[in-house]
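**Student:** One structure, pasted below without further comment.
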Amino acid sequence: GAGVSQSPSNKVTEKGKDVELRCDPISGHTALYWYRQSLGQGLEFLIYFQGNSAPDKSGLPSDRFSAERTGGSVSTLTIQRTQQEDSAVYLCASSSPGTNYGYTFGSGTRLTVV
Amino acid sequence: AQSVTQLDSQVPVFEEAPVELRCNYSSSVSVYLFWYVQYPNQGLQLLLKYLSGSTLVKGINGFEAEFNKSQTSFHLRKPSVHISDTAEYFCAVMGVQGAQKLVFGQGTRLTINP
């Protein structure tokens, strides 16, 4: 596609429920990243996929968070047993060697846990 | 590991005035440097980047930044701002070696007053 697509754009969920956030990167981009943007916290790195290599999960805040990337394309970020502190905007980005390290970001999913 | 400090969380300026948004970084290896802009309710957009070569980098919308290795800084400047420049600005760093992972600063909210 022309850009990075994220869905849903907004999600309200009850505390304790599981949620899935989807990211569709730019076609052909080999790298995919998830970041979390909380109010006043800047952007926090969560996880990074590069081609067929094992993902860099060093930013996942707890074992309630997981992500997968199927077929080197679409990625799903799953948050289990959501907590109120999980409320944030979740941003996905993709890049490839041809972009000279420039990430293209999606518009994000705003998650609100009530 | 890398870290980024954006020295000002908020910067108010009048329209047509010059502006400088400050960014300092810390890294044990050589780095690439980036500035991203986030307009209200949108994803992040790349403004400019420094990879190598000239330390003065020009970006979109009339912005420029200067890489100063001795001061580990990458300040963003614009000689004359417009109302439309109102946004959040993020400085980011990536190690030249290792994972191609951006580390972001906390962001600077630029508000342009008429």
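The values are calculated or read from the model by the stated rules, or taken from the named source; none is laboratory data. In this text the structure is predicted, and so the values were computed from the model without any measurement. Please note: Cβ atoms are built from the backbone with ideal geometry, for glycine as well, and neighbour counts cover all protein chains shown. Just so you know, the surface numbers come from the protein's heavy atoms only, side chains and all, with ligands and any DNA or RNA stripped out. Shrake-Rupley method; radii C 1.70, N 1.55, O 1.52, S 1.80 Å.
**Student:** Is it the case, given these coordinates, that A:Glu20 is within 13 Å of the chain's Cα centre (by Cα), modelled with pLDDT under 95 and part of a strand (DSSP E or B)?
**Tutor:** For A:Glu20, the condition - within 13 Å of the chain's Cα centre (by Cα), modelled with pLDDT under 95 and part of a strand (DSSP E or B) - is not met.
**Student:** Something else about it: Can you tell me which residue in the stretch A:23-57 is nearest to A:Arg110 (Cα to Cα), limited to those that are in contact with a strand residue (DSSP E or B) (Cβ under 8 Å, 6 or more places away or on another chain) and among the small types (Gly, Ala, Ser)?
**Tutor:** Ranking the candidates gives A:Ser38 first.
**Student:** While we're on this one: Of all residues in the stretch A:47-95, which are under 23 Å from A:Ala2 (Cα atoms), among the charged types (D, E, K, R) and not in a strand (DSSP E or B)?
**Tutor:** Listed by number, the list is empty, since nothing qualifies.
**Student:** Continuing with this model, one more query. What number of residues within the stretch A:58-67 are in contact with a strand residue (DSSP E or B) (Cβ under 7 Å, 6 or more places away or on another chain) and at pLDDT 95 or above? Before the answer, list the steps.
**Tutor:** Taking the stretch A:58-67 first, the residues in contact with a strand residue (DSSP E or B) (Cβ under 7 Å, 6 or more places away or on another chain) are A:59-60, A:64-67.
Checking which are at pLDDT 95 or above leaves us with A:60, A:64-67.
Number satisfying all stated conditions: 5.
**Student:** Can you tell me which of A:Asn10, A:Asn52 is open to solvent by 40 Å² or more (accessible area, probe 1.4 Å) and more than 12 Å from every other protein chain (Cβ to nearest Cβ)? Step through it out loud before you land on a result.
**Tutor:** On the way: A:Asn10 fails: more than 12 Å from every other protein chain (Cβ to nearest Cβ).
Only one candidate passes the filter, namely A:Asn52.
**Student:** Which residue, of B:Ala65, B:Ala17, is over 23 Å from B:Gln100 (Cα atoms) and of a type in the set (Gly, Ala, Ser)?
**Tutor:** None of the other options fit; the residue is B:Ala17.
**Student:** So A:Glu44 ticks every box in (1) touching a Gly at 6+ places or on another chain (Cβ under 8 Å); (2) within 14 Å of chain B (Cβ to nearest Cβ); (3) outside any strand (DSSP E or B) but one. Which box is left unticked?
**Tutor:** The number of the failed condition is (3).
**Student:** Now for a different question. Of all residues in the stretch B:94-114, which are part of a loop (DSSP other than H, G, I, E, B) and either open to solvent by less than 50 Å² (accessible area, probe 1.4 Å) or within 14 Å of chain A (Cβ to nearest Cβ) (or both)?
**Tutor:** Matches in the stretch B:94-114: B:Val96, B:Gln97, B:Gly98, B:Ala99, B:Gln100, B:Lys101, B:Leu102, B:Gly105, B:Gln106, B:Gly107.
**Student:** Considering only the stretch A:1-22, how many residues are of a type in the set (Lys, Arg) and under 14 Å from A:Thr109 (Cβ atoms)?
**Tutor:** The total comes to 2.
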